[in-house]
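Each value in this text was obtained by applying a stated rule to the coordinates, not by laboratory testing. Everything numeric in this text was worked out from a predicted model, so none of it was measured. Because the Cβ atoms are built from the backbone with ideal geometry, glycine has one as well, and the counts that use them run over all protein chains shown.
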Amino acid sequence: MLNRVIDLAQRTFAPSPVHCGGHGGDPNAGFVKMTISGGITGGIEACCTYPTEFVKTMQQLYPEKKTGPIQVAKETIKAHGVRGLYRGLSCLLFFAVPKTGVRFGSKSFYDENIFGNKKTGLINFVSGALAGATEAVFVVTPQETLKVKLIHDRVNPNPKYSGLFNGVTTIYANEGFNGVYRGMIPTVLRQSSNQAIRFLVYGKVKGALDEVMPNAPLTVRTALAGALAGATSVIGNNPIDVVKTQMQGLNAKKYKNAMDCFVQIWKHDGIRGYYKGVEARMARVVLDVAITFTLVEHITILLNKLF
């Protein structure tokens, strides 16, 4: 049994035959190119997948309703039309470009300056975790806090905020820096685990697909690898995502800290409470990561031809 575990670890973290992490197979696609391609990708991906993010957030904010993602979507459309599924998009879109740009740019920076562009599964995992933590601190924590509060506010009978900028300024005026950065620890944990898992799985699966089906279109290989990487990350860290959402909602003050939130969820809903919204999140993330890696690969190739 021990030998099997050791063998699995060696195969997982062994040197990879491909340049992992969305660099279009080019180890010279550096910080600037990866930041640009990541930023463009982030804007496109946010517009494509936001309805599933809205549904997931609603399920996590109102777990007592115990409704599935399809029912949430139906109720939203009935009450507010299809546009209701895009409430809060402006906040996500505003941060999407810098978020994905920082993710791929910092991943490239760590790969080049800390790990010397050496490519093993372990290095890909660690640099992915560092990239996730970087995007969490500089972009994702304020974005997620504002997004959750704005969505939470928009579904109230009498919304307090008239729009994105009114919401941002009001939240900052009332709660200050700490209010905007509430839930930072679970956000850092979510993003670092997200990207560690995704870059590792993507690199391994993409490398395997390159060997098994080398004549298949690049889009097919990147989309399949990205979809599997996204699904794996959801299974691995959905509990952290639930705690993060609760810590960033309008009722976040009822929790002393992230650990208290974790305990309260367990007391009220047990293990199932940590997987609220998992269906909607799975749908969004699988599509999100497949689109993201595919676009980054193609945009990077295009940028390499331009400069």
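Mind running the shape call on region 77-231? Use the C-alpha gyration tensor, a ≥ b ≥ c as the square roots of the eigenvalues: rounded below 1.5 for a/c, prolate if a/b tops b/c, oblate otherwise. Oblate, since a/c reaches 1.5 and b/c is not below a/b. Given Cα pairs under 8 Å that are at least 6 residues apart, what percent is the relative contact order of region 33-306? Computed over region 33-306, the figure is 27 percent.
Distance between Cα centroids, region 231-307 to region 128-173: provide it in whole Å. So the two Cα centres are separated by 15 Å.
Counting each pair of different Cα atoms once, what's the Kirkwood radius of region 144-254 in Å, rounded to one decimal?
Working: mean 1/r = 0.0614 Å⁻¹.
Mean inverse Cα-Cα distance, inverted, gives 16.3 Å.
Subtracting the Cα-Cα distance from 0.36 nm times the residue separation, let me have the gained length for Met259 to Tyr172 in nm, one decimal. Let's see the in-between values first.
Working: separation 87, 0.36 × 87 = 31.32 nm, distance 2.45 nm.
Extra length available between Met259 and Tyr172 comes to 28.9 nm.
In terms of its Cα atoms, the chain spans 55, 52, 36 Å along the principal axes, sorted from long to short.
Sorting check: for 122-133, 218-229, 173-184, which peptide has the highest mean count of neighbouring beta carbons within 10 Å, and how do the rest follow? Show your work: numbers first, answer last.
Working: 122-133: 23.2, 218-229: 20.8, 173-184: 15.3.
Peptide ranking by packing, descending: 122-133, 218-229, 173-184.
As I understand it, the value is the acute angle between the Cα axis of helix 141-154 and the longest principal axis of the Cα atoms of the chain; what does it come to in degrees, rounded to 10? Approximately 40 degrees, to the nearest 10. Relative to the longest principal axis of the Cα atoms of the chain, the long axis of helix 89-113 lies at roughly 30 degrees. Would you mind checking the tilt of helix 2-13 against the longest principal axis of the Cα atoms of the chain, expressed as 0 to 90 degrees and rounded to 10? The two axes meet at around 90 degrees.
A simple packing score, the average count of other Cβ atoms within 10 Å per residue, orders the peptides 109-121, 232-244 as 232-244, 109-121, with the highest score first.
Suppose every Lys and Arg Cβ carries +1 and every Asp and Glu Cβ carries -1, with no other charges. What dipole size does the chain come out with about its Cα centre, to the nearest 20 debye?
Details: 35 positive and 20 negative charges, 147 e Å.
Charge dipole, the chain, about its Cα centre: 700 debye, nearest 20.
Within a straight-line Cα-Cα reach of under 16 Å, Lys160 can be paired with the following lysines, leaving aside sequence neighbours fewer than 8 residues apart in one chain: Lys147, Lys149.
The alpha-carbon of Lys119 sits under 17 angstrom from the alpha-carbons of these lysines, leaving out residues fewer than 8 places away in its chain: Lys107, Lys204, Lys206.
Under 5 Å from the amide H of Thr120 lie the amide H atoms of Ser16, each residue being 5 or more positions distant or on a separate chain, with H modelled from the backbone and absent for Pro and chain starts.
So, counting K/R as plus one and D/E as minus one, what does the shell of residues with Cβ under 14 Å around Lys149 add up to?
Taking every Cβ under 14 Å from that of Lys149, the sum is +4.
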